[in-house]
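The values are calculated or read from the model by the stated rules, or taken from the named source; none is laboratory data. Just so we're clear, the structure is a prediction, and the values are computed from it rather than from any experiment. Cβ placement follows ideal geometry from the backbone for every residue including glycine, while neighbour counts extend to all protein chains displayed.
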Amino acid sequence: MAGPQRVIITGASSGIGASLARHYAASGATLGLIARRKPELERLAAGFPTPCEVYALDVRDATAIAAAARHFIARHGCPDIVIANAGVSLGTLTEHAEDIPAFQEVFDINVMGMVKAFQPFVACMRERGGGALAGIASIAGYRGLPGAAAYSASKAAVISCLESLRVELRASGVKVTAICPGYIATPMTEKNPYPMPFLMSADEAAVKIAALIEHGRTFAVIPWQMALAARVMRVLPNWLYDRLAADAPRKPRRAAE
């Protein structure tokens with residue numbers, strides 16, 4: 001994509017989203033930043049020399065996202081790239097009734113939040129005959145991680161949803177990219193009570209994610225070391241995976257924190 005780009009990013013107030021915003025701002029892109037925390041968004045946008053629209057909203061709110069999309073398109077035109085990055089990770093156990101709201105929250109944000117972020121922009125991209133929709137999944141979507149059923153299942157759903165969308169838009173010129181990061185140093189991972197192999201900084205991840213989108217990759221795992229580990233995870237027989245994963249350390253349940 002030549003020339004200054006127009007980029008929408010959800011979950012832009014911190015972590016990978018904020019790093020993506022900084023990366024694209026440095027290239028001169030016009031930005032639309034979406035997150036719940038308005039002060040953090042405004043502080044981030046204040047440091048950019050390029051046009052930047054701030055939308056303080058919850059990705060679960062389809063009406064608010066649609067209004068933000070109309071505003072951005074009216075002012076700047078149809079975006080070239082929409083990155084659905086907003087997500088949450090909560091420790092969950094199916095046996096506890098009090099964890100049901102956590103399951104719902106994870107799915108509503110990670111899966112439906114992505115769908116709601118993409119929906120208002122698909123028509124204008126299809127009409128233009130080009131654009132890119134990118135969803136941030138996770139290697140956790142490869143296998144069910146103990147103590148993280150909601151997160152693993154939500155990211156598996158994200159991967160499948162992006163694949164369906166990619167096929168649906170195959171002849172339109174609109175590219176769809178599924179990106180599965182391993183461990184990225186963000187506020188979401190900083191409290192993980194276990195080792196995080198191949199930990200990557202959010203800024204480094206942003207550079208790689210932007211390059212993958214630019215090159216029209218349909219699916220990728222970052223970093224490359226985690227891609228190898230993910231392939232092994234995927235082909236392990238259930239009996240071996242179960243034995244290895246059973247005693248793995250787990251993210252604490254929110255109810256237990």
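Structure values in brief
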quantity	calculated
Restricting the range 33-48 to residues that are assigned to a loop (DSSP other than H, G, I, E, B) and surrounded by 15 or more Cβ atoms within 10 Å (Cβ to Cβ), the residue that is farthest from the chain's Cα centre (by Cα)	PHE48
Residue in the range 114-137 that is of a type outside the set (Phe, Trp, Tyr), in contact with a Ser or Thr (Cβ under 6 Å, 6 or more places away or on another chain) and modelled with pLDDT under 95 present	no
Residue, surrounded by the most Cβ atoms within 10 Å (Cβ to Cβ), within the range 149-160, restricted to residues that are under 19 Å from ILE179 (Cβ atoms) and of a type in the set (Gly, Ala, Ser)	SER154
Failed item in (1) closer than 25 Å to SER152 by Cβ; (2) among the small types (Gly, Ala, Ser); (3) surrounded by fewer than 23 Cβ atoms within 10 Å (Cβ to Cβ), with GLY87 passing the rest	(3)
Hits in the range 110-123 (condition: surrounded by 20 or more Cβ atoms within 10 Å (Cβ to Cβ) and of a type in the set (Val, Ile, Thr))	VAL111
Matching residues in the range 208-225 - criterion: being of a type in the set (A, V, I, L, M, F, W, C) and out of contact with any Gly (no Cβ under 8 Å at 6 or more places or on another chain)	ILE209, ALA210, ALA211, LEU212, ILE213, PHE219, ALA220, TRP224
Conditions (1) in a loop (DSSP other than H, G, I, E, B); (2) at pLDDT below 95: number failed by CYS78	(2)
Single match in ALA29, ALA56, ALA69, ALA25 (criterion: of a type in the set (A, V, I, L, M), more than 14 Å from the chain's Cα centre (by Cα) and either farther than 24 Å from LEU212 by Cβ or surrounded by fewer than 15 Cβ atoms within 10 Å (Cβ to Cβ) (or both))	ALA56
Residue ID - nearest to the chain's Cα centre (by Cα), chosen from residues in the range 127-138 that are surrounded by 17 or more Cβ atoms within 10 Å (Cβ to Cβ) and over 16 Å from ASN192 (Cα atoms)	ILE136
Scope the range 207-224; condition surrounded by fewer than 19 Cβ atoms within 10 Å (Cβ to Cβ), small (Gly, Ala, Ser) and assigned to a helix (DSSP H, G or I); matching residues	ALA211
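Table: residues versus (1) at pLDDT 90 or above; (2) of a type outside the set (D, E, K, R); (3) out of contact with any Phe, Trp or Tyr (no Cβ under 7 Å at 6 or more places or on another chain); (4) closer than 29 Å to GLN119 by Cβ.
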site: VAL176; (1), (2), (3), (4): yes, yes, yes, yes
site: ALA185; (1), (2), (3), (4): no, yes, yes, no
site: TYR194; (1), (2), (3), (4): no, yes, yes, no
site: ALA202; (1), (2), (3), (4): yes, yes, yes, yes
site: VAL207; (1), (2), (3), (4): yes, yes, yes, yes
site: THR218; (1), (2), (3), (4): yes, yes, yes, yes
site: LEU228; (1), (2), (3), (4): yes, yes, yes, no
site: ALA246; (1), (2), (3), (4): no, yes, yes, no
